[in-house]
Structures are given as structure tokens and as C-alpha cells.
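The values are calculated or read from the model by the stated rules, or taken from the named source; none is laboratory data. None of the values given here were measured: they were computed from a predicted structure. Using ideal geometry, Cβ is built from the backbone for each residue, glycine included, and neighbour counts are taken over all protein chains shown. Each accessible area value is taken on the protein alone, full model and side chains, heavy atoms only, with ligands, DNA and RNA left out. Shrake-Rupley method; radii C 1.70, N 1.55, O 1.52, S 1.80 Å.
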Amino acid sequence: MSSNSGIQIPSRLPLLLTHEGVLLPGSTMRISVETARNMHLVKNRLLKGTSLKSTIIGVIPNTRDPEHDTEDLPTLHSIGTAGLAVQVVGSNWPKPHYTLLITGLCRFRVAQLLKEGPFPVAEVEQLDKLEQYTSPEEMSEAAGPEGELGELSKRFYQAAVQLVGMLDMSVPVVAKLRRLLDSLPRETLPDVLASMIHTSNKEKLQVLDAVSLEERFKKTLPLLTRQIEGLKLLQKTRKLRPDDNKRVLAVRKGGVLPGHQFSLDEEGEDEDGDDTAVLERKVKGANMPQPALRVCLKELKRLKKMPQSMPEYALTRNYLDLMVELPWSKSTTDCLDIHAARVLLDSDHYAMEKLKRRVLEYLAVRQLKSTLKGPILCFVGPPGVGKTSVGRSIARTLGREFHRIALGGVCDQSDIRGHRRTYVGSMPGRIINGLKTVGVNNPVFLLDEVDKLGKSLQGDPASALLEVLDPEQNHSFTDHYLNVAFDLSQVLFIATANSTATIPPALLDRMEVLQVQGYTQEEKVEIAHRHLIPHQLEQHGLTPQQLQIPQDTTQDIISKYTREAGVRSLERKIGAICRAVAVKVAEGHTVTKSETRHPPSEGYGGGLILLTDEEPDGVSADMAAPPDMPIVIDHIALKDILGPHVFEMEVSERLTLPGVAVGLAWTPLGGEIMFVEASRMEGEGQLTLTGQLGDVMKESAHLAMSWLRSNAKTYQLTNMVGGSDPLEGTDIHLHFPAGAVTKDGPSAGVTMVTVLASLFSGRLVRSDVAMTGEITLRGLVLPVGGIKDKVLAAHRAGVKRVIIPKRNEKDLEEIPANVRVELDFVTASNLDEVLNAAFDGGFPGMSNPLTLPHIVSKL
């Protein structure tokens, strides 16, 4: 070679000190610039320079620990690499820094350091010549056939060919590297392959220091041989495990020459087959629709061209992984045995006949038509009646996967539709994520608390559910993250709600609403002994041989310690009893006769009855009770464990004065009885309403007052001074107790008329009567809703007669037979009939006061 014909680098070079690795001639490396010296070099040399020479810098490996780096210039390594800055990228996050893409040109030796600040500049001596290299044949002839350098060059070339041959030639970059081996001058091979194979920075530094070409071959050949042996060992291991995925050697971005960047790293192997080739096979084997398949293949093509260091690489990879995991064509086979389904539903839940019947209807239709779309059901009822558990039982009955989505408090439409992939941290919505979790496309989805959805600046999730719950649209549901249609028509959606009042009408119209009413006391007793008590015994480590709760005791718990439509409070009370008994069982018992009652002074469990078959004769006072002795809870033990009665039958006690009546109200928690009180005093004819009433209820009060004033002579109502106008010289105060609870609705109209009539006439309302109904100014009684919940509330409170509107008579068919037997139902079409039924002996002024209106007695 002639040094006179070679290309020379500048004799003075700015120096870039790096901790990140060793740049070798012919390789390309990204270097992060964060130190003050290097930042000054980039700003003053690379960014302001205009000529090609200004982009050539010297890269010196910094062997000092970066954690102990100081402002003083460290001792420079004597040999570095002159590099061409191909790209400069700046960023301010998390702190200002630059990223340089530098291609190594040749070695140089630092002859003299000219200056240290603001960045070091040195006079350098070029070691490698940048000129047209000789061909491999010419080099071999120059070195002689038996020359040591020629032999090293030949051995190194053969090892390089062997290494590349062990790789997967179907990978484009590997095939391209194989072709480059034949075209590259052999003088460049040690630097090129040393930068590609897995080596430490110390080993690369030894290659950099090898100025002599012969020494360079000697330093690099053992590294190449080590890499080959490692691959051979890996291949042997794979042969012993034939079921493992085929070895794929990752090719990461490095470099051979400018424009040809490669780097091999055996640690880049993916044992789980998590590479683009395996991913492509998974995409093609996912049986997804053609539109989705086209999108995946397009994204996969982009992924192959994308370096792994790009942030978008991870986003695209996550997207493809999700698309592969979705159950596009995976489904479970429904169990269509109606008899078995009926037995399973009856064993899981007591009562709830309407819900069970709807499930059996669906199974029957599925037997006749296999392509039936999944229904959209909405269970509406008070808390604790088993809406969620029924959904789980339906999934078990059908043999399907079950997934629950809690919608209470959700106020972002992205929770339903997902985020667009343009956002950082984007993810699919809960619907698609649930399908991924269950792994089939026909699960049972329970949308819990759909009536408690919120709304915010992030959108309205209730509106986003319109597409999900519409059978005409959900066959092509498009999640923002997927951006392709997914078929939800086979999913069985079940929504739960406490009330339909807060559900948007458009969403409610898409669902088949099934009312789940509260339980009667008899139903609660059955549920307690079939499900709640065995469950609580298991939860507390007790057995039926240790604890027994008779049905009479359960009845006392229901009537005196709970007043609810569901059974959650009942289960908590049973749990409290189990905990008290667990204390007794853990401490041990003493017994002196066949039936011993522990006095309340003994703490928990005073009043517990301990039963044993042992004869009392000859039994010592301190003899331990047999371990199989059951503890039976009676009313004394119940009071000792749960305390005084929480609810008492107070209806008759509060109706001891005129101006008090019992109304019936509906709440999302079930039906409740509601006392209405009225009093009068001298005044100017004002009507005062208290009890946190809504506008509709206030209007009902004025309606009641106006009707009574217009019919005062007919019913012989007088004011405090004996006048015919009840309001003349009189102020009326109408109060609804439980003032902290907001009350509204028209159904208290008949109750307010009855209260005011009792007040003005001085007569007592019957203590066993409760009523509900809307009134008009002409005295008509209009129908209201929630009849079943209200009747059950009256039954729980011990009421014997219930007054309802005549047009609500059809709703009595939903009342359980055992409740109808114990109640007298009075159906009234006008206020005359209401007053006649609310007072003993009828109401004065009526044509036939002793004749009751329509009474449906013990249906």
C-alpha cells in the first residue's frame, strides 16, 4: 500500500470521551452525550460546522468509572477511532442530552493534547490508511503463499464463513452479511466481526490497540472461535430438546461499513420463540377475519423494518401480541340439557322463578336454533337479592366462561372502547381485555352496577355501551385500540342495576329488563338454611355438629335484627353468631346436666344451649362437654350475641293519636313503610311541609289539602273554631320522619289525604293499615309502581290491610301466595273508598260507610 495515495483525516481532532463502549473502524455505534465537555463539543463543533471535516471527531474510550467522573480531564487512552458523525439527535427529557450516530473510520494515536476546554482537542497520528484496499487474492500474493499473515487471514475468513453459515439464512440481514464476506477486504474483517459478536469492552479495547494487522488477526480469531463453539453447544442442546422452538439468532443493529450495519449477539436468542418469525406464524394461525389479518400483516411488516430501540417497536409488538391472544374463533360448547340446567339453578338459588324461566327459555331456543345471538339482560332489584350470583350461576348452567366488569363510578368512555394507540400508555377497553382474559368469544359478561355510570370530560361511558349492548351493532364492535371489528354477538351480556331511573333511556331500550324483587320472610328463612348458614359455618371452621340455628331463631333474626329486601344483613348477623360460637368452641365448655344454659355474665354465648346425650347422674360439675355436643341458639343466646332488638313492630304504638297514618314507599334498597304525621295550630291558614320532600311530593300535599277543603262539608270536617273551612284560622304542619332522607314521588298522595282527614275529624286511622297511590284534584286514585316491594315491606312490618289503586290489582299476581294469604288488599279507585277502608266503621259523611270498597281477600 502507498500511504501517499491514501485519504488523510485532519491532524487535529476534537475528542469525544465515552463510557458506553469501544468504537472500532468499520462499525457504527450510538453514543449518548450528557457530560459538559461532550455537550460543548456537539454544540460548538458538530452543530455549527459546515464542512465535512467538522463532522469528523475522535472517539476515545474512557476507562474511568462514570460514577467517579469529575470535571478534571482523565488520562486519555493512547489509541482512539476517528469517526464520522452521521446523525445528531437532541432531547430535553428527562434532562438535556444528545444522541450521536457515529461510524468508525480508522485508528489514530494521540500525539499531543493541545487544549482541555471547553472540550479536548489533540494532535493525532493516523494509524490506518483510508484508501482502496487490495483484493483478497492480491493480499494473499503480497504476503506469500506460506506467509503467516496470509495463513491467519485465510483461517479467519473460514471461521467467519462458518459462523455466518450457522445462522438462519432465511433472515435477510444474515444472507446479506454472507455476501459481504466475499466482497469486503480481509483487512477489515477483524474489526467488523469483533464489533458484531458478543465480546466485552475489555476485549474490544485489545482489538483497538492491535495496530499491526497480524496482531489484530491473532486477537480476534479466539473471540470468533469462542462464538462458534457456543453456537455448537446450543445446537446440541436443542437437539436433545426437539420440542423447543427452533433457534433464531437475533441480529441487532451494529455495523460493518457505512450503510451496512449488523451485530450478532447470542444472548439475543429468544427461548420462547418471541420473534417476528414465530409471531407471524401465530398471526396466520389465529383464524382471525380477513380485515384483521391484513392489518396484522401490515403491522408485522413494519415491525420487521423497525429497530428495537425505537419506542414504537414495543407499541407495535404489544398490539400484535394482543391480536394473537384474542379468541377470534375459540368458543365453548353450550350445555343444552334443560333438566340439568333447572336442577343446577334450583340448587344455587331459591325463588327467582322469573329469572330461571328466562334462562331455560334461552336454552330451549338454542336447541332449536344454534346461531341464536346472545340476549342482553338487565337484572334490576335492591342490593343483596342475588343479581350477581345469578349471573355466575347462568354461566355455570351454560358451561361458559364468566367475567365480571364493575362499572360503578366509571366516567371515561375509554374504559369501554379503549384508547387510541397514538396515546402513551394506551390499552384496550374492558370488553376486549375481558375477552382476552377468558380466552373464548362466547362468555357470560356481567356488567355490574350499570346504573352507577358517571360522565366527565373524558366522555360518557353509557353512550359507549350503546354499541356493545345493541344486537344489531355488536357483531362489528370496534375498540379504539384494536381499530378492527370484533364480533360480540355470541357474548351473553347481563347487566345489573338497583334502579332504572339513572340509566339513559337509549341504553335501557337495548336491554331486556327483568325485575328482581325482594324476598319474603319465609323465603329468607329457606335461603338462610339452604345457603347462608352452611356457607358461614364453612367460613368459620364450624360444623353442624357444633352449631345449630333453629328456624324460629332465624325468623327472629329476620324480623327483629334486619329489615331489608335482600339477605346481606342476615348473612352478617349469622356470621356474628358463628364468631361468638367459635370463641366458645375454642375456649371449651363445661356442662353439669343434659341441658345447661350459660348465664349472660359469662360473656359471649350467654344463653347458649348445650345438648348432650350423657346421663346427668354421676357427672361432676367440672366435667368437660363431649366434643360432638351441638350449641343450639335460642332467643336468649340471640339477644346476648346480637344485642337488643334493632327493629320493633311500632306501627300500632305510633298510631295512637289522630293525624298519623302509614304509607308505603319504594327505594332502590327495596320497599319501606313510611309514617306521615300532621298537626294543627291557630294561625293564618298556612301549610308547612318538612322531611326533605321533593317538588312532586309537595304538590301532592297541596292537592290533598285542596281536595279536603272542597269536600269539607261532605265529610263533616271542621277547623279549630268549628268553621267549615279546615284552614280558616288554622296552620297545618305535615311532617315525614327520617328527615335526613330525601323523599319524592306521587305515591304518598292517598296517605296525606288520610292523615289530614284524621286530623280534621279527630278520628284514629286503623293501626294495621298501610296505603299507597297517587291522587288527582277530583279525588281519583291513580296507579303507582313498585307494588310488590311495597307489599313485602308492609308484610315485614306486620301490617294486615294494604290499600292500593284499583288499576294496580294486576300487580298482585306477583305477590307470593303465602304473603297474599296473610294480607287483605283493598283496591280503591277514588278517595272515598280509601277513607272508608282506612278508618274503623268507615268515614263520616259517606253514603254507606260500613261497606268496604273492592277487597281482594286472601287471594
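When segment 505-522 is limited to residues that are within 18 Å of D346 (Cβ to Cβ) and surrounded by fewer than 19 Cβ atoms within 10 Å (Cβ to Cβ), the one that is modelled with the highest pLDDT turns out to be L514.
Yes or no, residue by residue, for (1) over 59 Å from the mean Cα position of the chain (by Cα); (2) at pLDDT 80 or above; (3) not assigned by the TED database to the domain that holds S195:
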{"residue": "V86", "(1), (2), (3)": "no, yes, yes"}
{"residue": "G90", "(1), (2), (3)": "no, yes, yes"}
{"residue": "H97", "(1), (2), (3)": "no, yes, yes"}
{"residue": "L105", "(1), (2), (3)": "no, yes, yes"}
{"residue": "V110", "(1), (2), (3)": "yes, yes, yes"}
{"residue": "F119", "(1), (2), (3)": "no, yes, yes"}
{"residue": "V124", "(1), (2), (3)": "yes, yes, yes"}
{"residue": "Y133", "(1), (2), (3)": "yes, no, yes"}
{"residue": "E138", "(1), (2), (3)": "yes, no, yes"}
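Looking across G739, G749, one residue alone is in the same structural domain as L782 (by the TED database), open to solvent by less than 10 Å² (accessible area, probe 1.4 Å) and closer than 21 Å to T772 by Cα. It is G749. So, in segment 724-736, of the ones that are closer than 25 Å to A828 by Cβ and at pLDDT 85 or above, which residue ends up surrounded by the fewest Cβ atoms within 10 Å (Cβ to Cβ)? Only one residue tops the list, namely H735. The residue of segment 457-478 that is farthest from R510 (Cα to Cα), among those that are open to solvent by 40 Å² or more (accessible area, probe 1.4 Å) and of a type in the set (S, T, N, Q), is Q458. Contact annotation: residue pairs with Cβ atoms under 9 Å, 6 or more positions apart or on different chains, pairing a residue in segment 170-198 that is over 16 Å from E214 (Cβ atoms) and outside any helix (DSSP H, G or I) with a partner that is open to solvent by 30 Å² or more (accessible area, probe 1.4 Å) and hydrophobic (A, V, I, L, M, F, W, C), are S170/A277; V171/V248; V171/V251; V171/A277; L184/L257. Can you work out which of the residues in segment 414-435 that are assigned to a loop (DSSP other than H, G, I, E, B) and without any contact (Cβ under 8 Å) to a residue 24 or more places away in the chain is least open to solvent (accessible area, probe 1.4 Å)? By that ranking, first place goes to G425.
A count restricted to segment 303-341 and to residues that are open to solvent by 80 Å² or more (accessible area, probe 1.4 Å), within 27 Å of N441 (Cβ to Cβ), out of contact with any Lys or Arg (no Cβ under 7 Å at 6 or more places or on another chain) and in a helix (DSSP H, G or I) stands at 1.
Consider M681 carefully, then state whether it is loosely packed, with under 15 Cβ neighbours inside 10 Å and without any contact (Cβ under 8 Å) to a residue 60 or more places away in the chain. Judged against the criteria, M681 is a match.
Scanning segment 393-413 for residues that are under 17 Å from the mean Cα position of the chain (by Cα), outside any loop (DSSP other than H, G, I, E, B) and more than 18 Å from K452 (Cβ to Cβ) gives F402, H403. Take V438 and tell me if it is at negative phi, open to solvent by 10 Å² or more (accessible area, probe 1.4 Å), among the β-branched types (V, I, T) and touching a residue at least 12 places away in the same chain (Cβ under 8 Å). Answer is yes for this residue. Within segment 264-282, is there a residue that is modelled with pLDDT of 80 or more and open to solvent by 80 Å² or more (accessible area, probe 1.4 Å)? Checking segment 264-282: at least one residue is modelled with pLDDT of 80 or more and open to solvent by 80 Å² or more (accessible area, probe 1.4 Å). Selection within segment 361-381: residues that are touching a helix residue (DSSP H, G or I) at 6+ places or on another chain (Cβ under 7 Å) and surrounded by fewer than 16 Cβ atoms within 10 Å (Cβ to Cβ). The member of this set that is nearest to P471 (Cα to Cα) is L372. The residues of segment 794-829 that are touching a Ser or Thr at 6+ places or on another chain (Cβ under 9 Å), more than 16 Å from G663 (Cα to Cα) and open to solvent by 10 Å² or more (accessible area, probe 1.4 Å), listed by number, are K806, R807, E809, P816, N818. The numbered conditions (1) among the hydrophobic types (A, V, I, L, M, F, W, C); (2) touching a helix residue (DSSP H, G or I) at 6+ places or on another chain (Cβ under 8 Å); (3) open to solvent by less than 10 Å² (accessible area, probe 1.4 Å) are all true for F402 except (3). Consider segment 556-587 and keep the residues that are in contact (Cβ under 8 Å) with a residue 24 or more places away in the chain and open to solvent by 60 Å² or more (accessible area, probe 1.4 Å). The one that is farthest from V791 (Cα to Cα) is R579. Of everything in segment 438-473, what is more than 23 Å from V380 (Cα to Cα), at pLDDT 90 or above and not in a helix (DSSP H, G or I)? Give them in sequence order. Selection gives G439, V440, N441, N442.
Condition check: more than 22 Å from P658 (Cβ to Cβ) and of a type in the set (G, A, S). Does A770 satisfy that? So A770 does not fit the description; no.
For segment 677-694, the tally of residues that are part of a strand (DSSP E or B) and over 15 Å from A740 (Cα atoms) stands at 8. Would you check if L41 is in contact with a strand residue (DSSP E or B) (Cβ under 7 Å, 6 or more places away or on another chain) and open to solvent by 20 Å² or more (accessible area, probe 1.4 Å)? When the stated conditions are applied, L41 does not pass them. If the condition is being closer than 14 Å to L831 by Cα, among the hydroxyl-bearing types (S, T, Y) and in contact with a Leu (Cβ under 6 Å, 6 or more places away or on another chain), then segment 745-775 contributes only T772.
Go through segment 155-175 and give me each residue that's closer than 24 Å to C106 by Cβ and open to solvent by 30 Å² or more (accessible area, probe 1.4 Å). The one that is closer than 24 Å to C106 by Cβ and open to solvent by 30 Å² or more (accessible area, probe 1.4 Å): Y157.
Against the condition of a type in the set (S, T, N, Q) and out of contact with any Gly (no Cβ under 9 Å at 6 or more places or on another chain), how does T478 come out, does it pass? So T478 fits the description; yes. Filtered by the rule that a residue be part of a helix (DSSP H, G or I) and touching a residue at least 40 places away in the same chain (Cβ under 8 Å), segment 342-361 gives L344, L345, D348, K354, L355, R358.
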